[in-house]
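Inspection log for the structure reproduced underneath, given as structure tokens.
The values are calculated or read from the model by the stated rules, or taken from the named source; none is laboratory data. Keep in mind that what you see is a predicted model, and the values were worked out from it rather than measured. Note: ideal-geometry Cβ built from the backbone for every residue, glycine included; neighbour counts use all protein chains shown. Calculation scope for accessible area: heavy atoms of the full protein, side chains included, ligands and nucleic acids excluded. Shrake-Rupley method; radii C 1.70, N 1.55, O 1.52, S 1.80 Å.
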Amino acid sequence: GENVEQHPSTLSVQEGDSAVIKCTYSDSASNYFPWYKQELGKRPQLIIDIRSNVGEKKDQRIAVTLNKTAKHFSLHITETQPEDSAVYFCAASKGDTGRRALTFGSGTRLQVQP
Amino acid sequence: GAVVSQHPSWVICKSGTSVKIECRSLDFQATTMFWYRQFPKQSLMLMATSNEGSKATYEQGVEKDKFLINHASLTLSTLTVTSAHPEDSSFYICSATRAGGLEAFFGQGTRLTVV
């Protein structure tokens, strides 16, 4: 089955700096890669996603890049703010639309220091 | 976006008792729902796939007789933790995706504590 590895496990940055989180996946059939932000005790919140036919996607301060050949994708957060502090998960999925389970990375705890 | 509602949001039960958790898709029909488990400071792990009108499929290592899943309608899946033990204490969360869609919509999650 699919295996998603995520690094780093913790990341501390100063407010205003950029943060980068990286993930690799094992199954070349995976074609959808979402990123989630999760606050303690809450459901994961989708912050950005990318499909395998796209190499990069940006939404304001957040961007995701995908390298299908190398089977890795990264989350980039620019101009970080204290409210960006949370745990971030990458995930991968494949298969029929509407019927896809997600395989999650191990998570990255991001701390933005004011 | 679509709405998935999970109930209860938290529950405390005694060892040996059973607990039922409900997952509802409020504004779309879901032939497939997924149940995940998340232990403290860990990632979400898929437990099982809930299929409307048929048996659930369980991931390796998940006991199907302990975690009973019923998907009796296109908008409701239930997870029953039977004979709960303290090691079953965890955050359980369901998800569903619209037909033809990719984005997963999560329920609020259920914090189960077995004492």
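Per the listing A:Glu5, A:Glu15, the residue uniquely touching a helix residue (DSSP H, G or I) at 6+ places or on another chain (Cβ under 7 Å) and open to solvent by 40 Å² or more (accessible area, probe 1.4 Å) is A:Glu15. Is there a residue being more than 9 Å from chain A (Cβ to nearest Cβ), in a strand (DSSP E or B) and either surrounded by 15 or more Cβ atoms within 10 Å (Cβ to Cβ) or not hydrophobic (A, V, I, L, M, F, W, C) (or both) anywhere in the stretch B:26-33? Taking every residue of the stretch B:26-33 in turn, at least one turns out to be more than 9 Å from chain A (Cβ to nearest Cβ), in a strand (DSSP E or B) and either surrounded by 15 or more Cβ atoms within 10 Å (Cβ to Cβ) or not hydrophobic (A, V, I, L, M, F, W, C) (or both). Among the residues of the stretch B:53-107, the ones that are more than 26 Å from A:Asp96 (Cβ to Cβ) and either part of a loop (DSSP other than H, G, I, E, B) or within 13 Å of another protein chain (Cβ to nearest Cβ) (or both) come to 10 in all.
Scanning the stretch A:90-114 for residues that are among the hydrophobic types (A, V, I, L, M, F, W, C) and either without any contact (Cβ under 8 Å) to a residue 40 or more places away in the chain or on the phi > 0 side of the Ramachandran plot (or both) turns up just one, A:Ala101.
To keep it simple, each residue is scored yes or no on (1) open to solvent by less than 50 Å² (accessible area, probe 1.4 Å); (2) in contact (Cβ under 8 Å) with a residue 24 or more places away in the chain; (3) of a type outside the set (Phe, Trp, Tyr).
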{"residue": "A:Tyr36", "(1), (2), (3)": "yes, yes, no"}
{"residue": "A:Ile50", "(1), (2), (3)": "yes, no, yes"}
{"residue": "A:Asn53", "(1), (2), (3)": "no, no, yes"}
{"residue": "A:Thr65", "(1), (2), (3)": "yes, no, yes"}
{"residue": "A:Lys71", "(1), (2), (3)": "no, yes, yes"}
{"residue": "A:Ile77", "(1), (2), (3)": "yes, yes, yes"}
{"residue": "A:Gln81", "(1), (2), (3)": "no, yes, yes"}
{"residue": "A:Tyr88", "(1), (2), (3)": "yes, yes, no"}
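Residues are listed down the side, and each one gets a yes or a no for (1) among the acidic types (Asp, Glu); (2) in a helix (DSSP H, G or I); (3) under 13 Å from A:Ala19 (Cα atoms):
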site	(1), (2), (3)
A:Ala63	no, no, yes
A:Thr69	no, no, no
A:Ser74	no, no, yes
A:Thr80	no, no, yes
A:Glu83	yes, yes, no
A:Gln111	no, no, yes
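Kindly provide the set of residues from the stretch B:37-51 that are surrounded by 14 or more Cβ atoms within 10 Å (Cβ to Cβ) and more than 11 Å from chain A (Cβ to nearest Cβ), ordered by number. Answer for the stretch B:37-51, where residues must be surrounded by 14 or more Cβ atoms within 10 Å (Cβ to Cβ) and more than 11 Å from chain A (Cβ to nearest Cβ): just B:Arg37.
Taking the criterion of being modelled with pLDDT of 95 or more, on the phi > 0 side of the Ramachandran plot and open to solvent by 10 Å² or more (accessible area, probe 1.4 Å), the only residue of the stretch B:62-112 that qualifies is B:Ser83.
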